[in-house]
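Notes follow once the structure below has been shown.
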Ligand code: SF4
Ligand code: SF4
Ligand code: SF4
């Protein structure tokens, strides 16, 4: 998206990617509409931020935790999630244990797989690999990260929600932009504002 609009919406090539765990077709138009309606370009101009001082609110969407769109350094990052669960007949083949790069699965006494959700990143690899179709996505949705930035003082975005629906991801973006436009006085990045006012203030504004 062009910087003249005051925002950038990046999304990964999930339509042709076998690793995608969510279909973002429904989500992307909602995000674009919210960003367009916020008139961020005019907002930045009203702060006198033109030419080299021009600013851009960055949103990035990745359809799986491989996060190809640099969601960790966007103002607002959205990552597709597939939470695995054993719902069918397991033959204890161990394929899921082998494919899990996070070492989150243990074949418990060679009887059935146990998933350690402290390690699992909801990538869906075990679900795709199970030859018995015994592993399913118990939940599909999006993780929300906020406040990533590069520049002179880079910061990785922080997780604010572990799993929300597409509707909720769009709603939180809407509230986040309202919060940003209320408190941004000279083109500061979202993270700078949140660090100044406190994460509790931000979280209260989007709840
Ligand atoms: S983020 Fe995931 S779904 Fe999107 S292109 Fe990368 S690997 Fe594929
Ligand atoms: S979803 Fe990914 S990280 Fe989680 S258990 Fe399956 S393969 Fe491992
Ligand atoms: S890949 Fe499927 S069948 Fe094999 S151990 Fe894992 S859950 Fe069981």
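Structural remarks
- Cα Rg, Dmax (largest Cα-Cα span) when computed across the chain, Å: 19.5, 66
- For the chain, the longest principal axis of the alpha carbon atoms and the long axis of helix 27-37 meet at an angle near 10°.
- Here each label is just a point 7 Å from Cα along the line to Cβ, and for residue 171 and residue 139 those points are 1.5 nm apart.
- Between the beta carbons of residue 159 and residue 116, assuming R0 = 25 Å, the FRET efficiency works out to 0.85 to the nearest 0.05.
- Rg(Cα) / (2.2 N^0.38 Å) computed for the range 137-207, rounded to two decimals: 1.16
- Per-residue packing, averaged as other Cβ atoms within 10 Å, sorts the ranges 68-74, 34-40 into the order 68-74, 34-40, beginning with the highest.
- Computed from Cα atoms, the angle from the helix 166-183 axis to the main principal axis of the chain rounds to 30 degrees.
- Kirkwood Rh in Å, taken over all unlike Cα pairs in the range 49-128: 14.9
- Take the Cα of residue 152, step 7 Å toward its Cβ, do the same at residue 18, and the gap between the two points is 4.7 nm.
- The calculated FRET efficiency for residue 36 paired with residue 106, based on their beta-carbon distance and R0 = 35 Å, is about 0.15.
- Distance from the Cα centroid of the range 36-52 to that of the range 54-72 is 21 Å (rounded to whole angstrom).
- For the chain, the relative contact order is 21 percent, taking Cα pairs closer than 8 Å that sit 6 or more residues apart in sequence and dividing their mean separation by the residue count.
Read-outs throughout are calculated quantities, based only on the coordinates presented, and are distinct from any laboratory measurement. Predicted model only: the values in this text are computed from it and were never measured. Note that each Cβ is placed from the backbone with ideal geometry, even for glycine, and that neighbours are counted across all protein chains shown.
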